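K.L.:
Structure in structure tokens, see below.
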Amino acid sequence: MKFGYILPNYGDKVAPQELLEISSVCEESGFDSVWATDHVIMPAELKEPYGQLLEPLTLLSFIGSKCEKLRLGTSCIVLPQRNPILLAKQSAALDVLSKGRLTLGLGAGWAEKEFGYLNADFRNRGKVMDESIALMKSLWKDDVIRFEGKYFDVRDALFLPKPVNRDIPVWVGGNGPTSIRRVVNLGDGWHPVGPDLETFSAGVAKIRGVKKEATMSMRMTTDVRKRRETYIGADNEKRVAVSGTASQIRKDIDAYAEAGLQYYCASINHPEAGEIVKDLRKFSADVIRSYA
């Protein structure tokens, strides 16, 4: 089992320098990676929690230049509202600069008004996402790019530099059947948010039935101070949390591990960076070390 930490790069409580300090604590405490969330421009009625947000690739470049061991991940970039060629270029650059440490979590998105502000196609976002992933993989791997699709047409083009391994792992965000299909057809891993054990287990079984090498991960609200109930996310979807005492947390993670979990990304959030650091150290001591 490997562990990542979801950075609080959204909201106005944690300063950029504090995000770097938190990442350094993660590096020292046995976390394998840090992950940054994505939104570009949100409607005023959705100010919380993503109205203010540091762009994830820019932030990860900053952190990656200081923390030389941590892997860097996005959880998740809203792919259909970005130009995939530009995103592939930015990602390849970050991968080269970090010596191959990038993992791209990619999602289809849910905030329709955000798509509208960016002149992106919300109604067809799933189809755009599928084609975008295929194009990005071609850009990273092929010497000469010849790609013809419904939304993108790139012929006899050069795309350099390539990522370190001529590819970047793509983990597909989303909890439903469409995301599972996308993992099978296009992805290198699955990255749902707060799935209950039954949903996660069923998804893993479907993916493993046809694709053995995909990484099974999750992003999970984690509370080392008290037991939490289910909650509703910003996208109005039901989520669960892993929480409570150290033994309760280990028991919950063990159950997901038995269902196929390989990579646990903890979202531990407080208004003050010092409180986050306390909980990260406690999670490391009580949980991460038990899986070493």
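K.L.:
Treating only the Cβ of Lys, Arg, Asp and Glu as charged (+1, +1, -1, -1), what charge dipole size does the range 2-291 show about its Cα centre? Round to the nearest 20 debye.
P.N.:
580 debye
K.L.:
A follow-up question, please. Using the Cα atoms as the points, what is the convex hull volume per residue of the chain in Å³?
P.N.:
123 Å³
K.L.:
A follow-up question, please. Taking the mean number of other Cβ atoms within 10 Å as a proxy for protection, how do you rank 19-25, 169-175 from highest to lowest?
P.N.:
169-175, 19-25
K.L.:
Going by amide H atoms built from the backbone, whose H comes under 5 Å of the H on Asp223, apart from near neighbours?
P.N.:
Here the answer is Val242, Ser243, Gly244, since their amide H atoms fall under 5 Å of that of Asp223.
K.L.:
While we're looking at this one, here's another question. Kindly work out what percent of the DSSP beta bridges joining two residues of the chain are antiparallel, to the nearest 5.
P.N.:
20 percent
K.L.:
Arrange the peptides 207-218, 261-272 so that the one whose residues have, on average, the most other Cβ atoms within 10 Å appears first.
P.N.:
So the peptides 207-218, 261-272, ranked by packing, come out 261-272, 207-218.
K.L.:
Shifting gears a bit: Quick one: net charge of Arg101's neighbours, Cβ under 11 Å, K/R +1, D/E -1? Could you put the intermediate results ahead of the total?
P.N.:
Working: positive: Lys69, Arg71, Lys99; negative: Asp32, Glu68, Asp95.
Around Arg101, the surrounding residues sum to 0.
K.L.:
Sticking with this one: Listed highest first by mean packing, meaning other Cβ atoms within 10 Å per residue, what order do 178-187, 245-254 come in?
P.N.:
Listed from highest to lowest mean packing, they are 178-187, 245-254.
K.L.:
Which shape class applies to the range 99-143: rounded if a/c is under 1.5, otherwise prolate when a/b exceeds b/c and oblate if not, where a ≥ b ≥ c are the square roots of the Cα gyration tensor eigenvalues?
P.N.:
prolate
K.L.:
With a ≥ b ≥ c taken as the square roots of the eigenvalues of the C-alpha gyration tensor of the range 184-227, please select rounded if a/c is under 1.5 and otherwise prolate if a/b is larger than b/c or oblate if it is not?
P.N.:
Prolate shape, in that a/c is at least 1.5 and a/b is the bigger ratio.
K.L.:
Continuing with the same structure: Helix by helix through the chain, keep the DSSP H runs that span 15 Å or more along the axis on Cα and average at least -0.5 on Kyte-Doolittle, and give those back in order.
P.N.:
Working: long enough: 16-28 (19 Å, -0.15); 56-66 (16 Å, 0.95); 84-97 (19 Å, 1.14); 125-141 (24 Å, -0.25); 197-208 (16 Å, 0.42); 246-258 (18 Å, -0.78); 273-286 (20 Å, -0.36).
Helix filter hits for the chain: 16-28, 56-66, 84-97, 125-141, 197-208, 273-286.
K.L.:
Picking from Gly107, Gly126, Gly73, which is most flexible by a Gaussian network model of the chain using Cα springs under 10 Å?
P.N.:
Of the options given, Gly126 has the highest mean-square fluctuation.
K.L.:
Give me the percent of DSSP beta bridges within the range 139-292 that run antiparallel, rounded to the nearest 5.
P.N.:
Of all bridge pairs located within the range 139-292, approximately 30 percent are antiparallel.
K.L.:
If you don't mind, there's one more thing I want to ask. Any idea which of Ala257, Cys76, Ala241 is furthest toward the positive side of the dipole for the range 2-291, if Lys and Arg beta-carbons carry +1 and Asp and Glu beta-carbons -1?
P.N.:
Towards the positive end, the residue furthest out is Ala257.
Since every read-out is calculated from the coordinates, none of them should be taken as a lab result. Bear in mind the structure is a predicted one, so any value in this text is a computation, not a measurement. Every residue, glycine as well, gets a Cβ built from its backbone with ideal geometry; the counts of neighbours run over all protein chains shown.
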